[in-house]
Structures are given as structure tokens and as C-alpha cells.
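Undergrad: Okay, handing you the structure first.
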Number of protein chains: 2
Amino acid sequence: MTEALTIKGGVTAPKGFLAGSIYCGVKEGNASKEDIALIFSESPAVAAGTFTTNQVKAAPVLVSAAHVRAGRARAIIANSGNANACTGRKGMDAARRMCGATAKALGLSMREVLVCSTGRIGVQLPIAKMEGAIADLPARLGKHSAKAAKAIMTSDSFPKETAVECEIGGKAVRIGGIAKGAGMIDPNMATMLSFITTDAVIGKGDLQKALRASVGQSFNRITVDGDMSTNDTVLALANGQAGNTRLIRGTAEFAVFQAALDRVTAGLARMIVKDGEGVSRFIDLHVTGARTEREARLAARAVANSTLVKCAWYGGDPNWGRIMDAVGYSGARIRQERIGIAYNGVPAVEGGMPSGTPASRLQAVARKKEFTITVDLGVGSGSFLIWTTDLTSKYVEFNMGE
Amino acid sequence: MTEALTIKGGVTAPKGFLAGSIYCGVKEGNASKEDIALIFSESPAVAAGTFTTNQVKAAPVLVSAAHVRAGRARAIIANSGNANACTGRKGMDAARRMCGATAKALGLSMREVLVCSTGRIGVQLPIAKMEGAIADLPARLGKHSAKAAKAIMTSDSFPKETAVECEIGGKAVRIGGIAKGAGMIDPNMATMLSFITTDAVIGKGDLQKALRASVGQSFNRITVDGDMSTNDTVLALANGQAGNTRLIRGTAEFAVFQAALDRVTAGLARMIVKDGEGVSRFIDLHVTGARTEREARLAARAVANSTLVKCAWYGGDPNWGRIMDAVGYSGARIRQERIGIAYNGVPAVEGGMPSGTPASRLQAVARKKEFTITVDLGVGSGSFLIWTTDLTSKYVEFNMGE
């Protein structure tokens, strides 16, 4: 199996995809920043999507989910500055009007447009103004992935885009993506958006399955079912311009595509974590030896979300006692005397007790900008990997108010 | 039913109870602070206890739980500075030796002594030194509740004690308590200890039931099953010196006792929250209108533990969008369009949307040191109350390392 190569171009790297952006003034008082992005496929495309499982869903989530179910779409319209969440019937109308304006500008049907919003909750969109801006967008379309990535940013400090190329049956197939971050360490309460494009020939059912699997290996490593924002959305469009033999699940070709897609989503997910507000360290947290993968995930989440563990990481303190404690209440079944914890492979805990490694050796790891913590529960073969960060005073100050 | 009166004296307010404390140097380099406390009943007493449900349990938790099961105890020995957790067989021996030394000093059997530890995880106790200090403790016993409360403090900023007196069948019955805080807003990862004494005549089974019910209304409002530290412990001793007719569950007299006990535990629990590290605001969070009490608790916990919600509280920002979001992923079944949120009764959200109350009115509440937030889910009659706090930069800095 040939490995996918990283290429430039983001969502406009695949054949037949264009992107553009424009300033509208969705959120008043931010005149310098473009705030509406458009991604467009020049030819018909199939669509797939995964959406927040939060019971409080923003209007665009409901609208896009319905359009994805229809299975075909050619455009994604997205704004930053306003989440269009908790906005009632009027918010639903506004989300539909965003699709309608885009469809009109591009000569599509409304169902062929997917819509996303991110930003403040509980404020109505300035939809009339936005319709005007959207009408001007087609003229701004081009290979402008980076501009689109920038227009969907909220508290992100850098635009996030990536693309890969792989060979499938002698044809070059490309996959590109952009994302906007949670602006926080765990996107459970901010909005995470990601848009993926590909020129692969693939059916909508298989695209949906590939996307769902890929999200499970990437964005869901930094978040969790039932713990997402009102707006979290990952969308994928495939327009078939690569001309490969249609990808079918279970074949070697599909595996190549899946691996390439996983690389795109993992790359974007890691960028989101690294761009978390106030983040000073990035931790690869592996839980191994759990009874099941589900229990490994429970343990990994408890550790990654523990305020005290995160504060210790901030301080470069290899405080394994807090990790033991979090594992103990995580819900994963454990046997205390079998737990092992290591920092970049240096043992801190063996058999549930201090390993005897000098504190200075553990500190040397915990003070790095990036390191790996392995928690081996020693009771099975379930494992789970989470990408996470520390919790800093900068984060708290950033989020303490407007 | 006569209401209980608050009195002075803490755990030594009830007849026949003495307390004392001593400096031992459990944690090196803290020569000014007494670190071992003893509570002693001059006559036989029944015992009850509730313990952490964390699967990683400290040695003293295992030892005390076994002794409580026997049902009779006359002394509680507790140290600060070292949690005796993750210390293996040697730690179990040390916990037993603390009981043995106390029993010897007081002329009791080892089973009549309950033991607690709080402080650093993964360090062996200096048990030989402690045995020497414990031998000197009986000479220091007296009505010294406040000293005992101080000796069990770790990062607490003030000692926590309270006592009440109620009349039961013409007899004055007293209940006293001391506690040490989590040093944090939610004791899920620090150690919460509380010791309750009473001179009531009550059987061990009924004392256990009364204590469990009371903990559910107090300490479990600031924490949750499966989410406690390795050491959390609440112990109660009843020596019967009040001479009341034996309290039996289901009687009016028992209800008077239960209410008095609830007042003691609620008082201590609120002190623990207010003394959380870096805390600047105290929030009474009521979730009402849930389908069940369990779902109300899920929603209340999700809101109270949301990092973003807590940061907004720190900033005095009435950010109800973050509350909506937390409720949405809490696991409680909701209907977004039925949710109401109010700050000290001032509506922020009605029918899942902004109520239209001017921001300044909501801010005026959110900037107070103490306020109430009510989240009405509008789908049932389940409710739950949690006492919680904000998350501050001071907290993060305090916990970032040694």
C-alpha cells in the first residue's frame, strides 16, 4: 500500500474544488477579518457529514444534517462570529436563507448547499446583510483554501489546512481539508468545524462510512460522544474528478483512501489541539491494557479532562498521583496493583506504586513542550489514544468574560 | 419539630468527646503545623462511615472501612501531609500501626480505632516517628476541637468546625463535626475528610443510615459517586451520653436528629466549597424540571464542572450559552425550547432563547460574591442542588506544581 504524500492546497487541492471568502461584518466591530467562507465543487458531488451529539443543536447543524441525508451537495457556506444557536425558528429561517442565497449565487438547488456557523450563542444572524455578501462570493472563488480557512477562525491563532495525494489504481486521488479550532483544549464546548474535499470516485454511503471511521480516529480523540458543542460539524464532499475506479469498502483501494483520509483528519485534529487557548504543552496520552477499548477511553478521558492533572502538566510537574486518582474514578475497571505509568517511556509507577525513578528524570520529560504519557492498566488488551493539553492561567483569563 | 440550635465546641461539644493534636513532622519542612489529630469518646460508642468510591483507595480507607463494619469505635486518628495512598502492603501496615499505637495509648482494642490520612500520594508514612507522637497524644486530649480541625488541614485556609444541639424527648442531644477541605472546588481529586460526633443514643445501623442520607444532602452535593479522591472519608461516632430514648428510624425523634445532623454536614460542606483554592465566587446551582432526580444531577454536574462555565463565573460574566451547552451534553434528556435559566430569579433564558433581560441586570447578579442560578429543564419534576464555585487563575497557579 502506497503511503499518501502531503501536498499543498488544502480544500482546493483536489480537482474541481474552489474556495473563497468575504468580509460581511457578522460580528460587529471586527472590520478587518473576513467572516464568510465558501467551498464549491465545479461538478456534482456526494456529501457526508458527522454532527454534534449535543441535544442543544444550532440551526445550521439541523439544516446541514437534513441536506447531507439527501446525499448530494456541491457547496459549503460557513460564517464565523455568530453560532446561530439558541435562536429558535428565526435562526432556522436564517440558516435556510444562507443556503438559499448560496444556491442562487451558484445556480444550485438549496439542498446542494451545506451550512455552518460558529461564534456567539443566542444572537440572531444579520441575515439580510449576509445575503448581500453571499451574492458577491462566486466572483471571489479560486484556489483560495487558506483564505477560507482564515474566514472560519474564531479564537484560533492560525488557519488550519492540509492535503494529501495517494495513488489508487494508477490514478492520483487527492483529499484536502480545513478546520477551525475549539480555541480550547477539548472542543466539548466550543465549536469545531472541519471541511474535507476529495476528487475520489466514491458512493455517498461509503464516503459517510469512511468519514465516520476517520473522525473516530481523529476529532473524536480530542472530544467524545455526548460532549460536543452545539455546532460541531465535519463535512466531506467527493466530486469524482480523479477518475479512479469507484471505491468500495473492503477493497485494498478503499484502505488506501481511508488511510489518506485519516491522515488529513488526524493532521487537522492535532492542529486544533495545539492551537488551544493558552496551551503550553501537548500530550499524547495512551491508555493500554484496559479490559476493553471503551474502558480505555473512559480512563483516557478522565485523565485528559482532570483539572488537577492539567494544572500539573502546565507546571511541568510529573504528578502521577493525580493520574492514578483520575483512573480510579474513571469508570474503567482496574486493579490498583497492576497499574503502570510512564513519561516518554520512563517509568513513574510500577505495580501501582512509585517506580523509584529519580524525580529529576521524570521532570525532564514533563517540562518538554510535547511528550507521551502511557498508562498501562494491566488487566486486558483495550487501548485508546487521546491528544490533549495542559490548562493554563492564560486559558482561564481568556475565558473569563467578554 | 424543634429546630436545632447552633452551638460552639465542634466535635467536643457532645458529652464525653475529647480531641487533641500534636506536631510530628509527617511532611518534612513544615515544623510549625500540627499534623496528627485524635478524637476520643470517653465511653463506648457506635461508628458509621462513608468512604470514597474511587477504585484507587488509600490504605487508611481500607482499614477504617473494615473497622466501621465491626460497628463500634471510640477513637479517630488522622494525619495531614501524607495520604498513605499508592503505598502497597507497607502502607497497609502503616495504617494498622497508626490504629495500634492509638489503641495502646488509650487502652482500646485496635478495632476501636478509625484512621484517616490526607496529603501527598505515593510516599510512605514515617510511621516509627508517628508512633512516638501518638503515644504522647492522650495527655493532650481536652475540649480541643478547633486544634484537631487545624491539624487535619492541608491547603485549607481556615479550620472547619460546627456543632448543633436539639431536643429529643426532653433530652438535649448534641452533634459536632470538623472537616478538611478539598482545597478545590470539587473534592473529586483532593481529599475531603469529615468527623462527626454525637452523644445521641442510636444503634449502629440507624447511625449508618442517618449518616449516608446526610452525606447525600451535603458532601455529595459538592462531589459525586465515582468521582472522589483516594482518601475521602466521613466518619461518625455516637456514644449515647445524652441519655435520650434510643432513636429509631421512622419516628419523629429520628427526624429531629436527622435534620440536626443534616445541618452539621451541610454547614461543613459549604465551608469546604467556600474555602476552595483560589475561589472568588460561590454559586447555588439548582436544576429543576428534569425528568428524574438522577437527570437533574447529571445536568447540574455538567454545568458545575464545565471549565468554560466556571471561567465565565470568575469573570462575573452571565454567559448562559455555556450553561445551555453543558446541559445539552450532560446526558439529561432535554427539550431545548423548554429550558429556562435565571440568575437570582432574573430570567436570562426563556423557552431556550434569550429572555430579553438587559445584559446589565444579569451582570449585576453575576458579579456578586454569592448568587443562585436556576436551570429549569421544563420536562418533569426532578431537581438537584449543587454548591459550586468559579475557576480562577489563582487556582491554576496553585495547582501547577510543587
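The values are calculated or read from the model by the stated rules, or taken from the named source; none is laboratory data. The model shown is predicted, which means the values in this text are computed figures rather than measured ones. Virtual Cβ from ideal backbone geometry, glycine too; neighbours counted across all protein chains shown.
Undergrad: Of all residues in segment B:257-301, how many are touching a helix residue (DSSP H, G or I) at 6+ places or on another chain (Cβ under 8 Å) and acidic (Asp, Glu)?
TA: Result for segment B:257-301: 2.
Undergrad: Moving to a separate point now. Any idea which residue in segment B:220-232 is modelled with the lowest pLDDT, counting only those that are more than 9 Å from every other protein chain (Cβ to nearest Cβ) and surrounded by 23 or more Cβ atoms within 10 Å (Cβ to Cβ)?
TA: The selected residue is B:Thr223.
Undergrad: Determine whether B:Leu237 is under 21 Å from the mean Cα position of the chain (by Cα), among the aliphatic types (A, V, I, L, M) and outside any helix (DSSP H, G or I).
TA: Numbers: under 21 Å from the mean Cα position of the chain (by Cα): yes; among the aliphatic types (A, V, I, L, M): yes; outside any helix (DSSP H, G or I): yes.
Answer is yes for this residue.
Undergrad: Restricting to segment B:24-64, give me the number of residues that are in contact with a helix residue (DSSP H, G or I) (Cβ under 8 Å, 6 or more places away or on another chain), under 20 Å from B:Arg97 (Cα atoms) and in a loop (DSSP other than H, G, I, E, B).
TA: 7
Undergrad: Additional query: Quick one: how many residues across segment B:118-149 are at pLDDT 95 or above and not in a helix (DSSP H, G or I)?
TA: 9
Undergrad: Restricting to segment B:194-209, give me the number of residues that are within 20 Å of B:Val61 (Cα to Cα) and of a type outside the set (Ser, Thr, Tyr).
TA: The number of residues fulfilling the criteria is 7.
Undergrad: Which of the numbered conditions does B:Gln55 fail, given that it passes all the others? Conditions: (1) within 14 Å of chain A (Cβ to nearest Cβ); (2) within 22 Å of the chain's Cα centre (by Cα); (3) under 20 Å from B:Glu131 (Cα atoms).
TA: (3)
Undergrad: Identify the single condition in (1) farther than 30 Å from B:Glu42 by Cβ; (2) in contact with a Gly (Cβ under 8 Å, 6 or more places away or on another chain); (3) surrounded by fewer than 20 Cβ atoms within 10 Å (Cβ to Cβ) that B:Thr245 does not satisfy, given that it satisfies every other one.
TA: (1)
Undergrad: Here's another thing I want to ask about it. Kindly indicate whether A:Ala70 is surrounded by 24 or more Cβ atoms within 10 Å (Cβ to Cβ) and of a type in the set (Gly, Ala, Ser).
TA: It is false that A:Ala70 is surrounded by 24 or more Cβ atoms within 10 Å (Cβ to Cβ) and of a type in the set (Gly, Ala, Ser).
Undergrad: Run down B:Ile373, B:Ile339 and say which single residue is within 9 Å of chain A (Cβ to nearest Cβ) and either in contact with a Leu (Cβ under 6 Å, 6 or more places away or on another chain) or buried (at least 21 other Cβ atoms within 10 Å of the Cβ) (or both). Break it down into steps so the answer makes sense when it comes.
TA: Working: B:Ile373 fails: within 9 Å of chain A (Cβ to nearest Cβ).
Answer to the check: B:Ile339.
Undergrad: Quick check on this structure: which one of B:Arg291, B:Arg246 is within 14 Å of chain A (Cβ to nearest Cβ) and farther than 27 Å from B:Pro159 by Cα? Let's see the steps before the verdict.
TA: Working: B:Arg246 fails: within 14 Å of chain A (Cβ to nearest Cβ).
The unique qualifying residue is B:Arg291.
Undergrad: Next question. Have a look at A:Gly340, A:Gly328 and point out the one that is at pLDDT below 95 and in the same structural domain as A:His286 (by TED's automatic domain parsing).
TA: Values: A:Gly340 fails: at pLDDT below 95.
The match here is A:Gly328.
Undergrad: Given the structure, is A:Arg367 under 13 Å from A:Gly289 (Cβ atoms), within 12 Å of chain B (Cβ to nearest Cβ) and touching a residue at least 40 places away in the same chain (Cβ under 8 Å)?
TA: no
Undergrad: Inspect all residues belonging to segment A:155-167 and state whether any of them is in a strand (DSSP E or B), more than 14 Å from chain B (Cβ to nearest Cβ) and hydroxyl-bearing (Ser, Thr, Tyr).
TA: Yes: one or more hits.
Undergrad: Quick one: B:Lys90 ticks every box in (1) touching a residue at least 24 places away in the same chain (Cβ under 8 Å); (2) of a type in the set (Lys, Arg); (3) within 30 Å of B:Lys171 (Cα to Cα) except a single one, so which number is it?
TA: (3)
Undergrad: Sort out which residues of segment B:280-309 are of a type in the set (Lys, Arg) and either without any contact (Cβ under 8 Å) to a residue 40 or more places away in the chain or closer than 17 Å to B:Asp390 by Cα (or both), and write them in order of number.
TA: B:Arg281, B:Arg301
Undergrad: Restricting attention to segment A:89-132, and to residues there that are among the charged types (D, E, K, R) and more than 27 Å from the chain's Cα centre (by Cα), which single residue is farthest from the other protein chains (Cβ to nearest Cβ)? Even if it seems obvious, please write down each step before you answer.
TA: Initial filter on segment A:89-132 (among the charged types (D, E, K, R)): A:89-90, A:93, A:96-97, A:104, A:111-112, A:120, A:129, A:131.
Now drop any that are not more than 27 Å from the chain's Cα centre (by Cα), which leaves A:89-90, A:104, A:129, A:131.
On the way: A:Arg89: 9, A:Lys90: 9, A:Lys104: 29, A:Lys129: 20, A:Glu131: 23 Å.
Looking at residues that are among the charged types (D, E, K, R) and more than 27 Å from the chain's Cα centre (by Cα), I get A:Lys104.
Undergrad: How about segment B:58-80: which of its residues are touching a residue at least 24 places away in the same chain (Cβ under 8 Å) and either of a type in the set (D, E, K, R) or within 14 Å of chain A (Cβ to nearest Cβ) (or both)?
TA: Listed by number, the residues that qualify are B:Ala58, B:Ala59, B:Val61, B:Leu62, B:Arg72, B:Arg74.
Undergrad: Condition first: of a type in the set (Gly, Ala, Ser), modelled with pLDDT of 95 or more and crowded, with 23+ Cβ neighbours inside 10 Å. Now tell me which residues in segment A:52-67 satisfy that.
TA: A:Ala59, A:Ser64
Conditions (1) more than 9 Å from chain A (Cβ to nearest Cβ); (2) polar (S, T, N, Q); (3) under 23 Å from A:Gly278 (Cβ atoms), marked per residue:
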site: B:Ala304; (1), (2), (3): yes, no, yes
site: B:Met324; (1), (2), (3): no, no, no
site: B:Tyr329; (1), (2), (3): no, no, yes
site: B:Tyr343; (1), (2), (3): yes, no, no
site: B:Val346; (1), (2), (3): yes, no, no
site: B:Ala359; (1), (2), (3): yes, no, no
site: B:Phe384; (1), (2), (3): yes, no, no
site: B:Trp387; (1), (2), (3): yes, no, no
site: B:Lys394; (1), (2), (3): no, no, yes
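Undergrad: Would you be able to say whether some residue in segment B:316-339 is farther than 20 Å from B:Thr288 by Cβ and touching a residue at least 12 places away in the same chain (Cβ under 8 Å)?
TA: Within segment B:316-339 (the criterion being farther than 20 Å from B:Thr288 by Cβ and touching a residue at least 12 places away in the same chain (Cβ under 8 Å)), the answer is yes, since at least one residue qualifies.
Undergrad: While we're looking at this one, here's another question. Just to be sure, is A:Asn220 assigned to a loop (DSSP other than H, G, I, E, B), of a type outside the set (A, V, I, L, M) and either within 25 Å of A:Ser355 (Cβ to Cβ) or out of contact with any Phe, Trp or Tyr (no Cβ under 8 Å at 6 or more places or on another chain) (or both)? Even if it seems obvious, please write down each step before you answer.
TA: Numbers: assigned to a loop (DSSP other than H, G, I, E, B): no; of a type outside the set (A, V, I, L, M): yes; either within 25 Å of A:Ser355 (Cβ to Cβ) or out of contact with any Phe, Trp or Tyr (no Cβ under 8 Å at 6 or more places or on another chain) (or both): yes.
When the stated conditions are applied, A:Asn220 does not pass them.
Undergrad: Something else about it: Can we say B:Ala65 is over 19 Å from the mean Cα position of the chain (by Cα), of a type in the set (A, V, I, L, M) and more than 19 Å from B:Ala149 (Cβ to Cβ)?
TA: Criteria not met by B:Ala65.
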